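Take a look at the structure below.
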Amino acid sequence: MTPDPAVQADATSVRAQGPLIALYAGSFDPITHGHEDLIKRTLTFSDRLIVAVANNVNKQPLFRVDERIAFIRECIGDDPRIEVRAFSGLLVEFAREVGARVNVRGLRAVSDFEYEFQLALMNRHLYPDLETVFMTPSLDTTYISSSMVREVARFGGDVSGLVHPVVGRALIERYRELAMGREGRG
């Protein structure tokens, strides 16, 4: 079968733009096995991945940005293709700054789609050169979310199958600290 010249031209122009830098942004409060799955799979189609940890002033995270960055680095190891950075403000501005051409978003359920679709369209409006790629998690991580992990850990449940052991220990410790703080004020 002869390759379509138009497809070959498109592929050539993409390669001519340099390495494909993907961006995977989120709060990662905390990073879960679902996040790790998407990080690993993104490296199958990108040359570099920047895991962008959002510093969202409208949220009260359980862990500070520097803690979340350290957890991500611990979970992913020292793969030179992955960079972990904090950002605040508009994602598209950060994407421009780092030269990202792909924005990876995870979709666990149909209920995620409407919000993510609106976000993707707004990002396209603000920065047409940034493509959003929706990825579904692996079957064994589909049900995992950071908020559910926090809730399970808060009430002493077992999160060992949901997060890296370092993150699991940090969750136990953080909730212990918070409980001690409440008892001290009572």
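The values are calculated or read from the model by the stated rules, or taken from the named source; none is laboratory data. Quick caveat, the model's predicted, so the values are computed rather than measured. Backbone-built Cβ (ideal geometry, glycine too); neighbour counts: all protein chains shown. Just so you know, the surface numbers come from the protein's heavy atoms only, side chains and all, with ligands and any DNA or RNA stripped out. Shrake-Rupley method; radii C 1.70, N 1.55, O 1.52, S 1.80 Å.
So what's the net charge close to A100: Lys and Arg +1, Asp and Glu -1, counting the other residues with Cβ under 10 Å from its Cβ? Please report the intermediate quantities before stating the final value.
Numbers: positive: R48, R96, R101; negative: E97, D129, E131.
Local charge sum for A100: 0.
With a/c under 1.5 counting as rounded, go ahead and sort the chain into rounded, prolate or oblate using the C-alpha gyration tensor (a ≥ b ≥ c being the square roots of the eigenvalues; past the cut-off, prolate if a/b is larger than b/c, else oblate).
Values: a/c = 2.20, a/b = 2.00, b/c = 1.10.
Judged from the Cα gyration tensor, the chain comes out prolate (a/c at least 1.5, a/b above b/c).
Measure nothing fancy, just the Cα-based angle from helix 33-42's long axis to the longest principal axis of the chain, in degrees from 0 to 90, nearest 10.
It works out to around 20 degrees.
Of the accessible area of the chain, with the probe set at 1.4 angstrom, what percent is carbon plus sulfur? Before the final figure, lay out the partial values.
On the way: 6180 of 11120 Å².
C and S fraction of accessible area: 56 percent.
Placing unit charges on C-beta atoms (Lys and Arg positive, Asp and Glu negative, everything else neutral), compute the dipole magnitude of the chain about its Cα centre in debye, rounded to 20. Display every interim value, and only then the final one.
Working: 22 positive and 25 negative charges, 87 e Å.
The calculation lands at about 420 debye.
What fraction of the Cα pairs in region 78-168, stated in percent, has a spacing above 17 angstrom?
On the way: 2591 of 4095 pairs.
Summing the P(r) of region 78-168 above 17 Å gives 63 percent of all pairs.
Taking only DSSP H segments of four or more residues, each worth -39500 (n - 2.57), what value at 222 nm results for the chain once the sum is divided by all its residues, to the nearest 500 deg cm²/dmol?
Working: 7 runs with 89 residues, N = 186.
Value at 222 nm, helices only: -15000 deg cm²/dmol.
In degrees, nearest 10, range 0 to 90: what is the angle between the Cα axis of helix 110-126 and the longest Cα principal axis of the chain?
So the inclination is approximately 60 degrees.
Skip the ligands, DNA and RNA, and give the accessible area per residue of the chain with a 1.4 Å probe, whole Å². Kindly include the intermediate steps, with their values, before the conclusion.
Details: 11120 Å² over 186 residues.
Per-residue value: 60 Å².
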